[in-house]
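See below for the structure under consideration.
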Amino acid sequence: MGERLANGLKLRRTELGLTQAELAERVGVTRKTINTVENGVFTPSAMLAIKLAEALSVPVEKLFWIER
């Protein structure tokens with residue numbers, strides 16, 4: 001099918017002046033987890049996606065979307 005979960009995590013994080021480590025601390029994961037989500041290597045759980053959206057002050061559907 002060729003679908004994947006795309007995200008605007010890095011863009012929003014840098015807009016807010018946060019490092020991967022700072023964002024990771026805010027949501028309770030490792031910096032490596034943030035890195036792998038940003039690069040599309042790891043698909044976050046619904047819980048993590050919502051926590052990330054809240055930490056970055058955006059609706060989850062603005063942070064993550066299906067790319068076809």
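The values are calculated or read from the model by the stated rules, or taken from the named source; none is laboratory data. This is a predicted model, so every value here is computed, not measured. Counting neighbours? That spans all protein chains shown, and the Cβs are built from the backbone with ideal geometry, glycine included.
If you scan the stretch 24-49, which residues turn out to be over 9 Å from the mean Cα position of the chain (by Cα) and among the hydrophobic types (A, V, I, L, M, F, W, C)?
Answer for the stretch 24-49, where residues must be over 9 Å from the mean Cα position of the chain (by Cα) and among the hydrophobic types (A, V, I, L, M, F, W, C): Ala24, Val27, Val29, Val41, Phe42, Ala46, Met47.
Quick check on Thr43: is it farther than 17 Å from Glu61 by Cβ and either of a type outside the set (A, V, I, L, M) or modelled with pLDDT of 95 or more (or both)?
The answer is no for Thr43.
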